[in-house]
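Asks: Dumping the structure here so I can ask a few things about it.
The values are calculated or read from the model by the stated rules, or taken from the named source; none is laboratory data. Keep in mind it's a predicted model, so treat the numbers as computed, not measured. Using ideal geometry, Cβ is built from the backbone for each residue, glycine included, and neighbour counts are taken over all protein chains shown.
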Amino acid sequence: MNKMTLCLAGFCAAVAAADVVSTRAAAPKAELLVALPDYCNTPDGMALMKDRSIIVSVPNFNDETKPPVLMRITPGNKAEKFYEFATPFPGLPKGVDRIAPMGIVASPAGDLFFADMQYMKDKNQKSRMWKLVVKNGKVEKMVLVASGFNVANGLAIHSGNVYITESVLEEGSQPLTSAVLRFKLNEEAVVLKTPLKNDPHIVTTFKSYKTDWNFGADGIEFDSKGNLFVGLFGDGVMHKIIFNKDGSVKSNEVFTKAPGKLINCDGMHRDAANNLYVADSAANAVQIIRPNGAVDTLWQNEDVKDKLTGQLDQPCEALVRGNEIIVSNMDWPFPKFKNTKYQLPATLSVIKLNK
(Lines give C-alpha, C1' and ligand atoms only; values in the text may rest on other atoms or scores of the structure.)
Protein backbone atom coordinates (compact mmCIF):
# COMPACT_ATOMS: atom_id res chain seq x y z
CA MET A 1 0.00 0.00 0.00
CA ASN A 2 1.56 3.34 -1.07
CA LYS A 3 1.57 6.57 0.92
CA MET A 4 -1.39 8.03 -1.00
CA THR A 5 -3.48 4.94 -0.29
CA LEU A 6 -2.55 5.12 3.39
CA CYS A 7 -3.51 8.81 3.53
CA LEU A 8 -6.83 8.17 1.83
CA ALA A 9 -7.54 5.29 4.19
CA GLY A 10 -6.69 7.48 7.15
CA PHE A 11 -8.86 10.30 5.82
CA CYS A 12 -11.83 7.94 5.36
CA ALA A 13 -11.37 6.55 8.85
CA ALA A 14 -11.24 10.06 10.29
CA VAL A 15 -14.41 11.04 8.42
CA ALA A 16 -16.17 7.91 9.63
CA ALA A 17 -15.12 8.65 13.21
CA ALA A 18 -16.31 12.24 12.88
CA ASP A 19 -19.66 11.00 11.60
CA VAL A 20 -20.01 8.73 14.62
CA VAL A 21 -19.25 11.58 17.00
CA SER A 22 -21.58 14.01 15.26
CA THR A 23 -24.56 11.64 15.34
CA ARG A 24 -24.07 10.49 18.94
CA ALA A 25 -26.68 12.09 21.22
CA ALA A 26 -25.39 14.42 23.91
CA ALA A 27 -26.04 13.39 27.52
CA PRO A 28 -29.05 15.09 29.13
CA LYS A 29 -28.19 18.10 31.27
CA ALA A 30 -30.01 20.67 33.36
CA GLU A 31 -30.45 24.03 31.66
CA LEU A 32 -32.45 27.16 32.40
CA LEU A 33 -36.07 27.01 31.23
CA VAL A 34 -37.20 30.31 32.71
CA ALA A 35 -36.28 32.79 35.43
CA LEU A 36 -39.37 33.89 37.34
CA PRO A 37 -40.12 37.56 38.20
CA ASP A 38 -38.76 38.85 41.52
CA TYR A 39 -42.22 38.64 43.14
CA CYS A 40 -41.67 34.86 43.01
CA ASN A 41 -39.12 33.45 45.46
CA THR A 42 -40.21 29.88 46.37
CA PRO A 43 -41.73 27.86 43.51
CA ASP A 44 -43.13 24.42 44.31
CA GLY A 45 -45.70 22.20 42.53
CA MET A 46 -46.53 22.13 38.82
CA ALA A 47 -49.57 21.12 36.78
CA LEU A 48 -49.44 20.41 33.06
CA MET A 49 -52.40 21.86 31.18
CA LYS A 50 -53.98 20.61 27.96
CA ASP A 51 -52.31 23.34 25.89
CA ARG A 52 -48.87 22.29 27.25
CA SER A 53 -48.65 25.34 29.47
CA ILE A 54 -47.61 24.77 33.08
CA ILE A 55 -49.19 26.22 36.22
CA VAL A 56 -46.62 26.65 39.01
CA SER A 57 -47.58 27.11 42.65
CA VAL A 58 -45.48 29.76 44.41
CA PRO A 59 -46.06 29.97 48.20
CA ASN A 60 -43.20 32.48 48.62
CA PHE A 61 -41.97 31.02 51.90
CA ASN A 62 -38.54 32.64 51.54
CA ASP A 63 -39.97 36.18 51.55
CA GLU A 64 -43.54 36.53 52.75
CA THR A 65 -43.65 40.23 51.94
CA LYS A 66 -44.51 38.88 48.49
CA PRO A 67 -48.04 37.44 48.14
CA PRO A 68 -48.51 33.79 47.14
CA VAL A 69 -49.24 33.34 43.45
CA LEU A 70 -49.78 30.84 40.71
CA MET A 71 -47.62 31.40 37.65
CA ARG A 72 -48.29 30.22 34.10
CA ILE A 73 -45.42 29.10 31.90
CA THR A 74 -46.65 29.39 28.33
CA PRO A 75 -45.94 26.68 25.72
CA GLY A 76 -43.27 29.10 24.50
CA ASN A 77 -41.73 29.21 28.00
CA LYS A 78 -42.73 32.73 28.99
CA ALA A 79 -43.65 33.35 32.63
CA GLU A 80 -46.86 35.24 33.39
CA LYS A 81 -49.00 35.68 36.49
CA PHE A 82 -52.01 33.36 36.46
CA TYR A 83 -53.60 34.06 39.85
CA GLU A 84 -52.65 36.00 42.98
CA PHE A 85 -54.05 35.06 46.39
CA ALA A 86 -55.25 37.95 48.54
CA THR A 87 -53.24 38.42 51.74
CA PRO A 88 -54.82 38.03 54.24
CA PHE A 89 -57.29 35.74 52.49
CA PRO A 90 -60.86 36.70 53.44
CA GLY A 91 -62.86 34.39 55.68
CA LEU A 92 -59.93 32.43 57.12
CA PRO A 93 -58.82 32.37 60.78
CA LYS A 94 -56.12 34.85 61.75
CA GLY A 95 -52.68 33.30 61.65
CA VAL A 96 -53.55 30.82 58.91
CA ASP A 97 -55.13 33.33 56.53
CA ARG A 98 -52.23 33.35 54.07
CA ILE A 99 -52.70 30.73 51.35
CA ALA A 100 -49.66 28.46 50.93
CA PRO A 101 -50.06 26.64 47.59
CA MET A 102 -47.93 23.49 47.28
CA GLY A 103 -48.85 20.42 45.22
CA ILE A 104 -51.19 21.21 42.33
CA VAL A 105 -52.96 19.15 39.68
CA ALA A 106 -55.38 19.81 36.81
CA SER A 107 -58.64 17.85 36.60
CA PRO A 108 -59.96 16.51 33.28
CA ALA A 109 -62.34 19.50 33.23
CA GLY A 110 -59.41 21.91 33.54
CA ASP A 111 -60.04 22.95 37.16
CA LEU A 112 -57.05 23.11 39.50
CA PHE A 113 -56.82 21.34 42.85
CA PHE A 114 -54.05 22.40 45.20
CA ALA A 115 -52.71 21.71 48.67
CA ASP A 116 -52.59 24.65 51.09
CA MET A 117 -49.85 23.77 53.60
CA GLN A 118 -50.17 25.62 56.93
CA TYR A 119 -47.91 23.34 58.99
CA MET A 120 -45.23 26.00 59.45
CA LYS A 121 -47.85 28.33 60.97
CA ASP A 122 -49.94 25.90 63.03
CA LYS A 123 -49.48 22.16 63.46
CA ASN A 124 -53.06 21.59 64.67
CA GLN A 125 -54.80 20.44 61.47
CA LYS A 126 -54.92 23.83 59.80
CA SER A 127 -53.88 22.78 56.29
CA ARG A 128 -56.43 22.62 53.47
CA MET A 129 -57.20 21.52 49.94
CA TRP A 130 -58.85 23.92 47.49
CA LYS A 131 -60.27 23.82 43.99
CA LEU A 132 -59.93 26.69 41.56
CA VAL A 133 -62.76 26.59 39.04
CA VAL A 134 -61.24 27.65 35.72
CA LYS A 135 -63.32 29.00 32.84
CA ASN A 136 -61.86 30.23 29.55
CA GLY A 137 -58.37 30.19 31.00
CA LYS A 138 -59.28 32.33 34.04
CA VAL A 139 -60.07 31.51 37.66
CA GLU A 140 -63.82 31.96 38.17
CA LYS A 141 -63.95 31.04 41.88
CA MET A 142 -62.09 29.28 44.66
CA VAL A 143 -63.81 26.43 46.52
CA LEU A 144 -62.73 24.79 49.78
CA VAL A 145 -62.63 21.03 49.22
CA ALA A 146 -61.40 19.92 52.65
CA SER A 147 -59.90 21.35 55.83
CA GLY A 148 -58.18 19.68 58.76
CA PHE A 149 -54.95 18.32 57.26
CA ASN A 150 -51.65 18.62 59.09
CA VAL A 151 -49.39 18.73 56.03
CA ALA A 152 -51.40 18.76 52.78
CA ASN A 153 -48.75 18.12 50.16
CA GLY A 154 -48.82 16.27 46.80
CA LEU A 155 -51.84 15.59 44.57
CA ALA A 156 -52.85 13.22 41.80
CA ILE A 157 -56.15 12.60 40.01
CA HIS A 158 -57.38 9.19 38.89
CA SER A 159 -60.80 7.76 37.96
CA GLY A 160 -62.91 10.63 39.27
CA ASN A 161 -61.00 11.08 42.52
CA VAL A 162 -58.29 13.39 43.80
CA TYR A 163 -55.63 11.78 45.96
CA ILE A 164 -53.54 13.86 48.37
CA THR A 165 -50.52 13.02 50.50
CA GLU A 166 -50.63 13.86 54.20
CA SER A 167 -46.97 14.09 55.19
CA VAL A 168 -47.55 14.05 58.97
CA LEU A 169 -50.62 12.03 59.89
CA GLU A 170 -49.75 11.88 63.60
CA GLU A 171 -47.68 14.76 64.95
CA GLY A 172 -44.84 13.50 67.16
CA SER A 173 -45.17 9.86 66.10
CA GLN A 174 -42.00 7.74 65.86
CA PRO A 175 -41.73 6.09 63.46
CA LEU A 176 -43.49 8.94 61.71
CA THR A 177 -46.88 8.03 60.24
CA SER A 178 -48.15 9.61 57.03
CA ALA A 179 -50.98 8.82 54.64
CA VAL A 180 -52.84 9.23 51.38
CA LEU A 181 -56.44 10.49 51.43
CA ARG A 182 -58.98 10.25 48.62
CA PHE A 183 -61.86 12.59 47.71
CA LYS A 184 -64.37 12.61 44.89
CA LEU A 185 -63.84 15.47 42.47
CA ASN A 186 -67.19 16.99 43.41
CA GLU A 187 -66.71 16.90 47.20
CA GLU A 188 -66.68 20.26 48.94
CA ALA A 189 -66.44 21.71 52.46
CA VAL A 190 -65.26 18.47 54.07
CA VAL A 191 -64.09 18.87 57.67
CA LEU A 192 -61.64 16.07 58.48
CA LYS A 193 -61.91 14.25 61.78
CA THR A 194 -59.83 14.93 64.87
CA PRO A 195 -57.64 13.03 65.40
CA LEU A 196 -56.92 12.91 61.71
CA LYS A 197 -55.91 9.23 61.78
CA ASN A 198 -59.61 8.34 62.25
CA ASP A 199 -60.85 10.03 59.08
CA PRO A 200 -62.56 7.71 56.55
CA HIS A 201 -60.94 9.50 53.58
CA ILE A 202 -57.62 7.82 54.48
CA VAL A 203 -56.76 5.22 51.84
CA THR A 204 -53.48 3.88 53.23
CA THR A 205 -50.69 4.82 55.65
CA PHE A 206 -46.90 4.66 55.80
CA LYS A 207 -44.10 4.53 58.37
CA SER A 208 -40.93 6.62 58.09
CA TYR A 209 -37.88 5.78 60.20
CA LYS A 210 -35.24 8.41 59.44
CA THR A 211 -35.32 11.60 61.50
CA ASP A 212 -33.28 14.13 59.50
CA TRP A 213 -36.45 15.44 57.80
CA ASN A 214 -39.72 14.49 59.51
CA PHE A 215 -41.92 14.42 56.43
CA GLY A 216 -43.40 11.17 55.16
CA ALA A 217 -45.68 10.73 52.12
CA ASP A 218 -44.94 13.43 49.55
CA GLY A 219 -44.59 12.73 45.81
CA ILE A 220 -47.56 10.89 44.31
CA GLU A 221 -48.31 9.49 40.85
CA PHE A 222 -50.35 6.77 39.13
CA ASP A 223 -48.95 4.51 36.45
CA SER A 224 -50.84 3.58 33.28
CA LYS A 225 -52.23 0.45 34.99
CA GLY A 226 -53.83 2.36 37.86
CA ASN A 227 -51.20 1.50 40.46
CA LEU A 228 -50.33 4.31 42.85
CA PHE A 229 -46.76 5.28 43.71
CA VAL A 230 -46.00 7.35 46.80
CA GLY A 231 -42.55 8.56 47.86
CA LEU A 232 -41.56 9.05 51.48
CA PHE A 233 -39.68 12.34 51.57
CA GLY A 234 -37.44 11.85 54.59
CA ASP A 235 -36.63 8.18 53.97
CA GLY A 236 -36.09 8.27 50.20
CA VAL A 237 -38.31 5.20 49.82
CA MET A 238 -40.89 4.58 47.08
CA HIS A 239 -44.08 2.62 47.83
CA LYS A 240 -46.39 0.92 45.34
CA ILE A 241 -50.09 0.62 46.16
CA ILE A 242 -52.27 -1.83 44.23
CA PHE A 243 -56.05 -1.51 44.41
CA ASN A 244 -58.91 -3.97 44.29
CA LYS A 245 -61.71 -3.33 41.80
CA ASP A 246 -63.82 -1.69 44.53
CA GLY A 247 -61.07 0.87 45.25
CA SER A 248 -59.88 -0.75 48.46
CA VAL A 249 -56.16 -1.34 48.91
CA LYS A 250 -54.95 -4.80 47.89
CA SER A 251 -51.32 -4.16 48.85
CA ASN A 252 -49.00 -1.37 49.97
CA GLU A 253 -45.37 -2.38 49.76
CA VAL A 254 -41.94 -0.80 49.35
CA PHE A 255 -41.28 -0.67 45.61
CA THR A 256 -37.69 0.55 45.68
CA LYS A 257 -35.03 2.30 47.71
CA ALA A 258 -31.42 3.13 46.90
CA PRO A 259 -29.59 4.18 50.09
CA GLY A 260 -26.91 6.77 49.44
CA LYS A 261 -28.37 7.55 46.01
CA LEU A 262 -32.09 8.22 46.37
CA ILE A 263 -32.19 10.63 49.32
CA ASN A 264 -35.60 12.35 49.10
CA CYS A 265 -38.76 11.46 47.18
CA ASP A 266 -40.35 14.84 46.47
CA GLY A 267 -42.68 15.75 43.59
CA MET A 268 -42.71 13.36 40.65
CA HIS A 269 -44.41 12.48 37.36
CA ARG A 270 -44.20 9.56 34.93
CA ASP A 271 -43.71 9.21 31.21
CA ALA A 272 -45.65 6.97 28.82
CA ALA A 273 -43.33 4.05 29.60
CA ASN A 274 -44.08 4.35 33.35
CA ASN A 275 -40.65 5.69 34.25
CA LEU A 276 -41.00 7.90 37.34
CA TYR A 277 -39.00 11.16 37.37
CA VAL A 278 -38.45 12.08 41.01
CA ALA A 279 -37.15 15.34 42.46
CA ASP A 280 -34.45 14.41 44.99
CA SER A 281 -34.30 17.66 46.92
CA ALA A 282 -31.39 17.13 49.31
CA ALA A 283 -29.20 15.71 46.54
CA ASN A 284 -29.88 18.45 43.95
CA ALA A 285 -30.88 15.64 41.60
CA VAL A 286 -33.61 14.15 39.46
CA GLN A 287 -33.76 10.38 39.77
CA ILE A 288 -35.46 7.97 37.37
CA ILE A 289 -37.23 5.00 38.92
CA ARG A 290 -37.73 2.38 36.24
CA PRO A 291 -40.77 0.06 36.06
CA ASN A 292 -38.55 -2.75 37.42
CA GLY A 293 -37.55 -0.62 40.45
CA ALA A 294 -34.04 0.27 39.24
CA VAL A 295 -32.89 3.80 40.13
CA ASP A 296 -30.86 5.88 37.66
CA THR A 297 -29.69 9.45 38.14
CA LEU A 298 -30.85 11.66 35.28
CA TRP A 299 -28.96 14.72 36.51
CA GLN A 300 -27.24 15.89 39.69
CA ASN A 301 -25.16 18.94 40.58
CA GLU A 302 -23.52 20.55 43.58
CA ASP A 303 -24.69 23.71 45.38
CA VAL A 304 -25.61 26.40 42.87
CA LYS A 305 -23.68 29.64 42.68
CA ASP A 306 -25.36 31.14 39.60
CA LYS A 307 -29.09 30.42 39.25
CA LEU A 308 -29.10 31.51 35.61
CA THR A 309 -27.06 28.45 34.64
CA GLY A 310 -30.25 26.42 35.16
CA GLN A 311 -28.56 24.00 37.55
CA LEU A 312 -30.87 22.25 40.02
CA ASP A 313 -31.31 24.23 43.23
CA GLN A 314 -33.25 22.12 45.72
CA PRO A 315 -35.58 20.60 43.12
CA CYS A 316 -39.04 19.91 44.50
CA GLU A 317 -40.92 18.54 41.48
CA ALA A 318 -40.10 16.96 38.13
CA LEU A 319 -42.77 17.23 35.43
CA VAL A 320 -42.83 15.39 32.11
CA ARG A 321 -43.69 17.53 29.08
CA GLY A 322 -43.05 15.60 25.88
CA ASN A 323 -39.33 14.82 25.76
CA GLU A 324 -38.54 17.39 28.44
CA ILE A 325 -38.33 17.09 32.19
CA ILE A 326 -39.32 20.42 33.73
CA VAL A 327 -37.96 20.94 37.24
CA SER A 328 -39.17 23.41 39.85
CA ASN A 329 -36.32 24.69 42.05
CA MET A 330 -37.75 25.48 45.49
CA ASP A 331 -34.49 26.91 46.91
CA TRP A 332 -35.86 26.91 50.49
CA PRO A 333 -32.83 25.65 52.42
CA PHE A 334 -33.19 22.76 54.87
CA PRO A 335 -30.41 21.38 57.10
CA LYS A 336 -28.16 18.75 55.45
CA PHE A 337 -29.22 19.73 51.91
CA LYS A 338 -26.70 20.48 49.18
CA ASN A 339 -28.53 23.79 48.77
CA THR A 340 -27.12 26.08 51.48
CA LYS A 341 -28.66 29.48 50.77
CA TYR A 342 -31.63 31.12 49.11
CA GLN A 343 -30.98 33.45 46.21
CA LEU A 344 -32.92 35.13 43.43
CA PRO A 345 -34.07 34.68 40.75
CA ALA A 346 -36.37 31.73 41.31
CA THR A 347 -36.00 29.36 38.39
CA LEU A 348 -37.38 26.39 36.54
CA SER A 349 -34.90 24.06 34.86
CA VAL A 350 -35.31 21.79 31.85
CA ILE A 351 -33.62 18.50 31.09
CA LYS A 352 -34.10 17.41 27.48
CA LEU A 353 -34.32 13.67 27.00
CA ASN A 354 -32.72 11.85 24.09
CA LYS A 355 -35.81 10.15 22.63
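Asks: Restricting to region 184-203, count the residues that are assigned to a strand (DSSP E or B) and buried (at least 19 other Cβ atoms within 10 Å of the Cβ).
Replies: Going through region 184-203 one residue at a time, the tally reaches 1.
Asks: I'd like to check something: does region 175-198 contain any residue that is in contact with a Gly (Cβ under 7 Å, 6 or more places away or on another chain), of a type in the set (Asp, Glu) and at pLDDT 95 or above?
Replies: No, region 175-198 has no match at all.
Asks: Criterion first (within 21 Å of the chain's Cα centre (by Cα), modelled with pLDDT of 95 or more, part of a strand (DSSP E or B) and not β-branched (Val, Ile, Thr)) does Gly110 satisfy it?
Replies: Answer is no for this residue.
Asks: Select from region 258-279 the residues that are closer than 21 Å to Glu166 by Cβ and of a type outside the set (Gly, Ala, Ser) and write down the one among them that is surrounded by the fewest Cβ atoms within 10 Å (Cβ to Cβ).
Replies: Restricting to residues being closer than 21 Å to Glu166 by Cβ and of a type outside the set (Gly, Ala, Ser), the top hit is His269.
Asks: Please pick out the residue among Ile325, Ile288 that is closer than 27 Å to Leu228 by Cα, aliphatic (A, V, I, L, M) and surrounded by fewer than 21 Cβ atoms within 10 Å (Cβ to Cβ).
Replies: Ile288
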